[in-house]
Amino acid sequence: MAPLLVPRVYRFNDVDAFRSSIRNLNVDFTPLARRISAEQVILNLPGCDINYTQSFPRIIDAQFAHGTTAIGFTMDDGVPIRFNGAERDRAALVIGNGGAFFTTVEKTPRQYTSIVFTPEIVDRGWPNSIVKFSIHEISQPAQDRLREVVRQAMLVTSQQVAAAEIVATGTAIKESLLAAIDDAFAGIVPGEWTRRVNTTRQFKVFNQARAALAGNVAHPIYSGDLAREIGVSVRTLHDAIQRYRGMSMHRYLRLRRLWLVRQQLLGGAPSVKACALAYGFWHLSDFSRAYRSQFGESPSETLAASRSS
């Protein structure tokens, strides 16, 4: 049998079992749904990977490894994804070089592709985004062509390819991707909204707050203390969290802590009460109601199921 140039397919139907399969990516996520139906299709080519994702409602914080360039675009049309604080229903292309950070809020399931080039692309005149990913509005025909190249690549590579042709076929697919991305960046649509979202001032405030919250998520944190810690006003802090999370800091913290409690319960925590108190939930009846609303079961049911498995 001739070897196959075939994408790897990963499917998930339980949010607790979901793990990202994309290489070169340090990712953390907070799900926004009780149950999921997600899929990742990974196609490895010479010098790049195509990652096609059917996602679920979630919040993502991610940073790519150094020595890479990542390109991202949607594969469908739907409720806009809040990407680095921007939520626009426009054809767009995002790009980040090694070490670049991005955050997204996906309110509904969406489909999108990320293409990761290793080593990073430095000689094609693409925008250079090192601190955080930048977003660029492109024409609808350019977006359509990008989507079509990815779809065709997945179709072609599902067929048998002779061993001697694998590298040549993969290299040709990569060249088609590069050409489509070149065309998209050559026709960038200038706009005030992309200029605002690509600035880094408010992003720095958000990133400092995110780091502080990540380090203290199991303890009560108050907006005044956090604002003083990072050296901004409370209003500036709230505005930054609202922009990048699409919700208030207090609502996000509560959601995040609920998921952290669930992880502990699934791991067989000593008791529901001890676990809830450890993550800042002192009003236990209120905690139980919020937990049931988020996960469709009581905390004690989660713990019992983990102990019986």
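The values are calculated or read from the model by the stated rules, or taken from the named source; none is laboratory data. From a predicted model like this one, the values you see are computed outputs, not experimental measurements. All Cβ positions, glycine included, derive from the backbone under ideal geometry; neighbour counts span all protein chains shown. Calculation scope for accessible area: heavy atoms of the full protein, side chains included, ligands and nucleic acids excluded. Shrake-Rupley method; radii C 1.70, N 1.55, O 1.52, S 1.80 Å.
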Run the helix sum for the chain: -39,500 (n - 2.57) per DSSP H stretch of 4+ residues, divided by residue count, reported at 222 nm to the nearest 500 deg cm²/dmol.
-13000 deg cm²/dmol
Enumerate by residue number the chymotrypsin sites (Phe, Trp or Tyr not before Pro) in the range 170-236 meeting two conditions: DSSP loop (anything except H, G, I, E, B), and at most 14 other Cβ atoms within 10 Å of the site's Cβ.
TYR222
Computed over the range 63-197, protein heavy atoms only, probe 1.4 angstrom, the accessible area per residue in square angstrom equals 45
Trypsin sites (Lys or Arg not before Pro) within the range 115-202, DSSP loop, no more than 16 other Cβ atoms inside 10 Å:
ARG124
Within the chain, which DSSP H helices have Cα atoms that stretch 18 Å or more along the helix axis and a mean Kyte-Doolittle hydropathy of at least 0.5?
166-186
When a/c is below 1.5 the answer is rounded, else prolate if a/b is larger than b/c, else oblate, so apply that to the range 261-307 with a ≥ b ≥ c taken from the square roots of the Cα gyration tensor eigenvalues.
oblate
Between ALA92 and residues 5 or more places away or on another chain, which pairs have amide H atoms under 5 Å apart, with H built 1.01 Å from N, and which residues are they?
THR74, ILE138
Cα-centre dipole for the chain with unit charges at Cβ (Lys and Arg positive, Asp and Glu negative), debye to 20:
1140
Using θ = phi - 60° and the Karplus curve 6.51 cos²θ - 1.76 cosθ + 1.60, what whole-Hz ³J(HN,Hα) does each residue of the range 130-137 get, with Gly and Pro shown as x?
9, 6, 9, 4, 10, 10, 9, 6
With the 8 Å Cα cutoff and a minimum separation of six or more residues, the range 169-309 has a relative contact order in percent of 18
In whole Å, largest first, what are the principal axis extents of the Cα atoms in the chain?
63, 50, 31
Counting other Cβ atoms within 10 Å of each Cβ, which chymotrypsin sites (Phe, Trp or Tyr not before Pro) in the range 259-309 have at most 10 and sit in a DSSP loop?
TRP282
Simple spin-label model, 7 Å along Cα-to-Cβ: ARG196 to ARG151 in nm?
3.3
In angstroms, what radius of gyration and Dmax does the range 106-161 have, counting Cα atoms only?
14.6, 41
Of the candidates ALA227, ALA211, ALA100, which one comes out as most mobile in a Gaussian network treatment of the chain with C-alpha springs shorter than 10 Å?
ALA211
Please check: in the Gaussian network model of the chain (C-alpha springs, under 10 Å), which one of ASP28, ASP123, ASP225 has the largest mean-square fluctuation.
ASP123
Mind checking which lysines have their C-alpha under 18 Å from LYS132, skipping anything on the same chain fewer than 8 residues away?
LYS204
